[in-house]
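Report on one structure; see the data block that follows.
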Amino acid sequence: VRVGVLGATGFLGGELVRLLAEHPEVEITAMGSRSNAGKRLSQVRPNLVGAADGPLEDLDAAALADRCDLVFLALPHGTSALAGSALRAHGVPVIDLGSDFRLKAPADHVRYYGRTPGAPELLDEAVYSLPELTGAPVGDLIANPGCFATALALTLAPVADADRVLVSGITGSSGSGIAPSAGVHHSLRRTDFKAYKPLRHQHLGEVRQLLASRGAVPSIAFVPHSAPVARGIHVTAFVEGVSGVIDRYRQAYANSALVSVTDGPLRMGAVVGTCRAEIGVVEGDDGVVVFCAIDNLLKGGSGQAVQNLNLRQGWPETLGLPLIGGWP
Ligand SMILES: NC(=O)c1ccc[n+]([C@@H]2O[C@H](COP(=O)([O-])OP(=O)(O)OC[C@H]3O[C@@H](n4cnc5c(N)ncnc54)[C@H](OP(=O)(O)O)[C@@H]3O)[C@@H](O)[C@H]2O)c1
């Protein structure tokens, strides 16, 4: 399958190229960039020397339609809607790693992102795909989940009938993308620690939407934090009003190649660099705590996008995905 990657110079785009370059069923035939068009990708992403090191190009939808059977979008919020609707108008299947096609209700775009949807006519066609919970995606416009949303949904789905869930989460600086700014620069995060968007993180919209489609949505109080690490997400959920919890997780993910369940806390470093998710459960007299760890750029982004491609094409689910991490 001939694929294109738009936003190839970004953190998710670069990780996509890294995975797709070694994927046995895929040929990368286009790598899109606006500000770096004309350069080779390895001039911007030194880790990609020798891996699909073709030229970066500023391509329109017609050119992409000639060269690609499917295009991944790894673009900023608001930009995917434009690129996605142009590509769909040319009949090109799209997997979008951004947020523009995740929410169904236009009112939720306003509530969680503060703006009306950029391509409202495509919201019905878009298929939100977190494979462990939604199955193999069928369709030509796949909305890949957000990074925190992936960890939250995997954590909450088996206990969605709980009365209330309190969640504290941490994320690494790569979650903010490649462009440094005063609020997210790694050198400032390196020596600091802070909560951000307490109780109002934008990914709560897609998590509530997904849980509602499965039947039950608990009250979710979520506080994310910026941690002094480059990649990785770790969430800690205090679950109220349910019991027999570890068996629920073991059952829910029994057939999952990428989610493992353990009795006890986790090491986030064990999943960084992999497309796996780990879930840990601790049940005691004073409550139930569930932990989940993922790599935000892999299971939380590019790896899950390749997992979605694999399932859409009918290939083995984990084809081309890293499953074993480094240590440290
Ligand atoms: N980082 C994560 O952990 C993560 C996880 C899941 C989902 N996401 C989502 O995935 C998307 C990409 O995230 P990212 O972290 O990879 O972002 P990023 O590092 O900022 O990369 C985005 C890329 O898009 C290109 N771009 C910027 N503005 C553009 C525009 N107006 N039109 C076309 N291209 C433009 C830039 O490349 P050029 O300047 O070279 O054109 C840039 O390298 C975002 O929607 C993000 O919310 C991120």
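Take each of the peptides 193-204, 281-292, average the number of other beta-carbon atoms within 10 Å over its residues, and list them starting from the highest. Intermediate values should be presented prior to the final figure.
Numbers: 193-204: 15.0, 281-292: 16.6.
Peptide ranking by packing, descending: 281-292, 193-204.
Using a 1.4 angstrom probe on heavy atoms only, work out the carbon and sulfur share of the accessible area of the chain in %. List each step's numbers first, then the result.
Details: 7040 of 13510 Å².
Ligands and nucleic acids excluded, carbon and sulfur reach 52 percent.
Evaluate the relative contact order of the chain (contact order divided by residue number), counting alpha-carbon pairs under 8 angstrom at least 6 apart; express in whole percent.
Rounded, it is 16 percent for the chain.
Applying the Karplus parametrisation 6.51 cos²θ - 1.76 cosθ + 1.60 with θ = phi - 60° to the phi angles of region 287-292, what ³J(HN,Hα) value in whole Hz is obtained for each residue in order, glycine and proline being reported as x?
Here the 3J(HN,Hα) series is x, 10, 10, 10, 10, 9 Hz.
Can you pull the one-decimal nm distance between simple spin-label points at R190 and D66, each 7 Å off the Cα toward Cβ?
Between R190 and D66, the label points sit 4.6 nm apart.
With a 1.4 Å probe and all protein chains kept in place, how much accessible area does M268 have, in Å² rounded to the nearest 10?
Accessible area of M268: about 40 Å².
Of the listed peptides 111-122, 170-181, what is their order by residue-averaged count of other C-beta atoms within 10 Å, with the highest listed first?
Output ranking for 111-122, 170-181: 170-181, 111-122.
Evaluate E = 1/(1 + (r/R0)^6) for D286 and A216, where r is the Cβ-Cβ distance and R0 equals 30 Å; express this FRET efficiency to the nearest 0.05.
With a Förster radius of 30 Å, E is 0.80.
Based on the Cβ-Cβ distance from R111 to T318, what FRET efficiency comes out when R0 is 41 Å, to the nearest 0.05?
Plugging the Cβ-Cβ distance into 1/(1 + (r/R0)^6) gives 0.70.
Which of the peptides 96-102, 24-30, 185-191, 273-279 is most tightly packed, and how do the rest follow, going by the mean number of other Cβ atoms within 10 Å of each residue?
In descending order of packing, they fall as 96-102, 273-279, 24-30, 185-191.
Given a 1.4 angstrom probe, what's the average accessible area per residue across the chain, in square angstrom? Let's see the in-between values first.
Working: 13510 Å² over 328 residues.
Roughly 41 Å² per residue, with all protein chains present.
Quote the charge dipole size of the chain about the Cα centre in Debye, to the nearest 20; the model charges only the Cβ of Lys and Arg (+1) and of Asp and Glu (-1).
Here the chain has a charge dipole of around 800 debye.
With the Cα gyration tensor of region 74-229 giving a ≥ b ≥ c as the square roots of its eigenvalues, does the rule (a/c under 1.5 for rounded; else a/b larger than b/c for prolate; else oblate) give rounded, prolate or oblate?
Oblate.
If you take the square roots of the eigenvalues of the alpha-carbon gyration tensor of region 191-326 and sort them as a ≥ b ≥ c, do you get rounded (a/c under 1.5), prolate (a/b over b/c) or oblate?
Cα axes put region 191-326 in the rounded bin.
Rounded if a/c is under 1.5, else prolate if a/b is larger than b/c, else oblate: which is region 128-219, with a ≥ b ≥ c the root eigenvalues of its Cα gyration tensor?
Numbers: a/c = 2.93, a/b = 1.52, b/c = 1.93.
The shape class here is oblate.
Which value in deg cm²/dmol, rounded to the nearest 500, describes the helix-derived mean residue ellipticity at 222 nm for the chain, given -39,500 (n - 2.57) per DSSP H run of n ≥ 4 and division by the residue count?
Computed ellipticity for the chain at 222 nm equals -7500 deg cm²/dmol.
Taking the Cα centre of each part, how many Å lie between region 53-75 and region 208-242?
When both Cα centres are located, 34 Å separates them.
The values are calculated or read from the model by the stated rules, or taken from the named source; none is laboratory data. Worth saying up front: this structure is predicted, and the values here are computed from it rather than measured. Heads up, the Cβs are rebuilt from the backbone with ideal geometry, glycines too, and the neighbour counts pull from every protein chain shown. SASA here: full protein model, heavy atoms, side chains in, ligands and nucleic acids out. Shrake-Rupley method; radii C 1.70, N 1.55, O 1.52, S 1.80 Å.
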